[in-house]
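The values are calculated or read from the model by the stated rules, or taken from the named source; none is laboratory data. The structure displayed is predicted, hence computed values, not measured ones. A quick note on method: Cβ atoms are made from the backbone with ideal geometry, for glycine too, and the neighbour counts reach across all protein chains shown.
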Amino acid sequence: MEIKLTNLAMDFQQTKAVNDLTITIQDGHLVSILGPSGCGKSTTLNMLAGLYKPTAGEIYFGDKLVNQVEPEHREIGMVFQNYALYPHLTVLKNIMFPLKMAKVNKKEAFERATEMAKLVQIDHLLDRKPGQLSGGQQQRVAIARALVKNPKVLLLDEPLSNLDARLRLEMREEIRRIQKEVGITTIFVTHDQEEAMSISDKILLMRDGTLQQYTTPLEMYDKPSNLFVSQFMGNPPINIYKATVNKELKRVELKNSNVHIPLLGNVDVTKFPEDVIVGIRPESFVSETSSKELPQVSISINLIERTGRDTLLSGKIGEQQVRALISSKQQLGNVEELSLYITEFTVFDSETENSIWYFDGEGAQ
Amino acid sequence: MRQAFSKGFIYILLTIGSLLMLLPFIWMISTSLKTPGEVMSMPPTWIPESWKWDNYLKAWEMAPFLRYTLNSIIVVIVSTIGEIITTILAAYAFSRLQFWGRDIVFAILLGTMMVPGEMLLIPNFVTLSNLGWINQYEALIIPWLASIFSIFLLRQYFLGVPKELHYAAKIDGCSNFRFLWSVMVPLAKPAIVTIALLKAIGSWNAFLWPLIVTQSEEMRTLPVGLTAFTTEAGTNFELLMAASSMIILPMIILYIILQKYIIEGVSKAGLKG
């Protein structure tokens, strides 16, 4: 089911938890609501669930305005951070509970519950109580319970944050698999950008109750709409440098250092403000390239960390800190100075912090 | 070695403590088996010279104890069930429902716990006599159908249940009332059993109020019935103790059966009983 939010807002006393949110979520998509804690992502989810009533704006499920519809009539399933399983009921009874409330007859309820248990692979645990299950198993029960009513929308509130790192990876794939299999529109709240990147069709990034960007994970990563988005996405984080634009020489000059990066390709420099911020992702540094005209900088290296897949270099670019991620195949030895090409970078207006230009290698030969 | 020593020390302390607690009971049972002469003898004896088991039979026949027992049972059962129902509903309202003035009302209720019970005897008596309930079951039961302490205890327990459970139940299509009975009550079982037991013991042992509001023999409860052993000529201690021993027995049995729940209930609610 398609979900549409128009000018949605939620105030708690003095604070605006969610501010003027307008988005459309396509049918069958998995959308992550991402942001640091306190950004309004859980509030948004609770409004979708009907647990909070918005102070302004509309929520449409399909063509239907659901602002005044109670949670139980919204045809939603929800998984909570602490799973919220009924501790006194067995796994089977937990999954059957929503059906019992909907007065589905016992035999059918049993069949649907066991079928759902099979889908989430817990059909061997039906007689256990939630307290006897591991975190991952409880998670699966919670998902089965949320899906058993055949809801139109599945809401997940930080479902992975109580799991250990390895299980988190496994459950993340599992949620994606189940979501694809059922084909249900899913909204997934998380504060982990990697989780959001890996699982979502689209990411909705929020900060202080305000929408920052709503787009596909790759686009958000490559073309952040503002400085906050670029810094929130990616690990290790993006390198950020204050710089001034030299319009005559068509280049940016990093402050407090002698480094300048040419602005290549089809770019109208005259519209650039004087002061800008340049963002370069660690993996946008490469040591070798087939194209000769890529901007090139020299880095003095302090620390080399080899993680197997790639190598993390920490050092200085002029007077400023820099982190670069390059292929492990590159033989480094004990170099102190390294010249690297920059394949991509983003220029932000230093006043508004909005992005004004992306360099993606085009225009270089 | 040191550990064994400190453990031994703890056990010795606990043994002394429990013996001290048990002494009155032992004395009661010992007295109940003595002859009238030995009861008064100086120095007192702990073990009766001759074991007068027929004291129990005599005590039972001194007053209509069957009727008293029946009254006590009726009062205990009805007031306990009644109090459990009012407590569950009130505790839920004060912990989970949002309504105007909720916390103020609750604070006022808590405030009433500071009024000593004796202060209320006369106003309550006047109210009940105006209602025409004196010397009726209504007088024995209705004033005791709600307890602020129980509401407070259960409310604390309910507050410990995560609110996500409520949200989940709401999304699953559960009404407030349904959620209360099919999720909250089963979860709070230990607390509810504790409340029921405290209530049953209190109600079974109640003396002053039943004494005041009952006038005829057939409305008396067991503790009030014990006054039958005190006459102008003095008190039949051995018979009084025999009757007391019989009366106290059901509560001890009830406690032993339910003690597992009580410990859990009191400790989880974060309160000392």
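Residues are listed down the side, and each one gets a yes or a no for (1) in contact (Cβ under 8 Å) with a residue 40 or more places away in the chain; (2) more than 14 Å from every other protein chain (Cβ to nearest Cβ); (3) under 27 Å from B:S175 (Cα atoms):
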position	(1), (2), (3)
A:E2	yes, yes, no
A:I33	yes, yes, no
A:C39	yes, yes, no
A:L45	yes, no, yes
A:E111	no, yes, yes
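For region A:72-101, give me the residue count where each residue is among the hydroxyl-bearing types (S, T, Y) and touching a strand residue (DSSP E or B) at 6+ places or on another chain (Cβ under 8 Å). Total meeting the criteria: 0. Scanning region A:62-91 for residues that are touching a residue at least 60 places away in the same chain (Cβ under 8 Å) and more than 14 Å from every other protein chain (Cβ to nearest Cβ) turns up just one, A:G62. Residues of region A:61-74 that are part of a loop (DSSP other than H, G, I, E, B) and of a type in the set (A, V, I, L, M, F, W, C): A:V66, A:V69. Taking region B:37-130 and the helices (runs of 4 or more DSSP H) fully enclosed by it, the elements with 2 or more residues that are more than 19 Å from B:S147 (Cα to Cα) are at B:54-62, B:65-96. Considering every residue within region B:235-243, establish whether at least one is among the charged types (D, E, K, R) and either buried (at least 16 other Cβ atoms within 10 Å of the Cβ) or modelled with pLDDT of 85 or more (or both). Scanning region B:235-243 turns up at least one residue that is among the charged types (D, E, K, R) and either buried (at least 16 other Cβ atoms within 10 Å of the Cβ) or modelled with pLDDT of 85 or more (or both). Only helices (runs of 4 or more DSSP H) whose full extent lies in region B:138-197 are considered here, and the ones with at least 3 residues that are within 12 Å of chain A (Cβ to nearest Cβ) and farther than 19 Å from B:L110 by Cα are B:163-171, B:176-179. Given the criteria in contact with a strand residue (DSSP E or B) (Cβ under 6 Å, 6 or more places away or on another chain), at pLDDT 90 or above and surrounded by 23 or more Cβ atoms within 10 Å (Cβ to Cβ), does A:V148 qualify? In short, no. Restricting B:S72, B:S95, B:S79, B:S50 to those that are exposed (fewer than 10 other Cβ atoms within 10 Å of the Cβ) and of a type in the set (S, T, N, Q) reduces the list to B:S50. Name the single residue that is farthest from the other protein chains (Cβ to nearest Cβ) among those in region A:113-142 being polar (S, T, N, Q) and farther than 19 Å from A:Q81 by Cβ. Restricting to residues being polar (S, T, N, Q) and farther than 19 Å from A:Q81 by Cβ, the top hit is A:Q121. Of the strands (runs of 3 or more DSSP E) contained entirely in region A:254-365, those carrying at least 2 residues that are touching a residue at least 40 places away in the same chain (Cβ under 8 Å) fall at A:275-280, A:296-306, A:310-317, A:320-327, A:337-342, A:345-349, A:355-359.
Looking at A:S200, is it at pLDDT 90 or above, under 19 Å from A:S161 (Cβ atoms) and not aliphatic (A, V, I, L, M)? Taking the combined requirement at face value, the residue satisfies it.
Listed residues A:F345, A:F359, A:F285, A:F272; which is in contact with an Asp or Glu (Cβ under 7 Å, 6 or more places away or on another chain) and among the aromatic types (F, W, Y)? The match here is A:F359.
As a summary of the residue check, A:E58 satisfies the conditions (1) at the interface with chain B (Cβ under 10 Å from one of its Cβ atoms); (2) assigned to a strand (DSSP E or B) except for the one numbered (1). For beta carbons closer than 9 Å, sequence separation of 6+ or different chains, a first residue in region B:101-125 that is aliphatic (A, V, I, L, M) and a second that is loosely packed, with under 10 Cβ neighbours inside 10 Å, the qualifying pairs are B:V105/B:F99.
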